[in-house]
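Have a look at the structure below, then the notes.
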Amino acid sequence: AVVSTQSTGELSFVFKSCRRFERPRDRNLTRMLSIVLIGLAIALARGYGYDYEERKETFEPYSWHLAMNLNPEDGHVMDYSTGWDEEVFIGTYAEALKKDFLNRVVWRQGEWKYIAIVRHQAGEVDAVKVFKFQPKQWDWSLLEMFQNYLGTVVTEGGPLQESISANADNLEDDPIFSVGGDVAINWNNDDNGHRLVLTGGILAEVKEKIERDLFSGSSNDDVDTSDKTRGFGNDFFLDQFGNSMENHKWGHEISNQVESDNYWQGSDNGEAFGQKGPVYGNYAIYVSHEADRFPKPGYKLGLKVDMKSSNTLRQEL
């Protein structure tokens, strides 16, 4: 394991501080103080959003690597302006498939050719779609894509694989599995932003301008599609630079397609939404250099999924 730079600095400070107190007759007090300060440093590190034991990743060609997990009711809101375009570690390895998780080592690694979006129930695959990035994206990391692209379709040819469990529920308005198309990112329009969407859903024209009623703030539903785009990492009130207004009041982690009465999932949303929406599961994003197939529903997920060169399942690590 590799201790993160921030954690290392904090621990170094802890040990230097402890030496100042060290006296021959006070060794027991020094040891106790060291334990307390180390515990505080670890808690501080985790509180900042990165894992104390950030790992050094090994990337094999036919492996899938967990880049992100979204849980719409874990108390952490991964909206438009949280994590996606930042070089940060969010969550912990131990709860990577239970809560929001962003692995910055994978996020900033380039040369991915394939992306899998997986809906899962307690780590068990419920539904999965696999896409191939457009060749011009192969040299870009996910971090660079989210930092630099605006309203860009990043995959081609639609899903290479779409596998859905016979027991899967809530498919009629799922943001990923109720529509077709390719993966698009940073779909910003009017004052709304959506980090990841599928082109088969309702997509407002990027940066479209709507003539709104000056008194009601509304516009003709036949024309205005700006509030009907759905996906991951959303906010309905951004400034021109993509920053959340009113302290993330209109931010929400996952939004369902427009047919849904409650178009947001779970409780991870800003105060403007007022109530909890339905939860369809966790959504994980995996990336791979060469694997173009993913294990089917029923498979138990891990941080890494290894496949044979023939793209049949070998084992989960």
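Quick rundown of the values:
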item: Per residue value of the accessible surface for the range 118-192 (all protein chains in place, 1.4 Å probe), Å²; result: 38
item: Full-extension gain in nm, residue 199 to residue 271, via 0.36 nm per residue minus C-alpha separation; result: 23.1 nm
item: Estimated distance in nm for a label pair at residue 60 and residue 166, the labels positioned 7 Å out from Cα along Cα-to-Cβ; result: 3.2
item: Net lengthening on full extension, residue 150/residue 122 (0.36 nm per residue, minus Cα-Cα); result: 6.8 nm
item: Net length gained if the chain between residue 136 and residue 228 were fully extended (0.36 nm per residue, minus Cα distance); result: 30.2 nm
item: Entries in 99/308; 99/136; 129/304 that, when Cα-Cα distance is taken, lie over 21 Å; result: 99/308; 99/136
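The values are calculated or read from the model by the stated rules, or taken from the named source; none is laboratory data. Here the structure is a predicted model, which means the values were calculated and not measured. Positions of Cβ are backbone-derived with ideal geometry, glycine not excepted, and every protein chain shown enters the neighbour counts. These area figures cover heavy atoms from the full protein model, side chains too; ligands, DNA and RNA do not enter into them. Shrake-Rupley method; radii C 1.70, N 1.55, O 1.52, S 1.80 Å.
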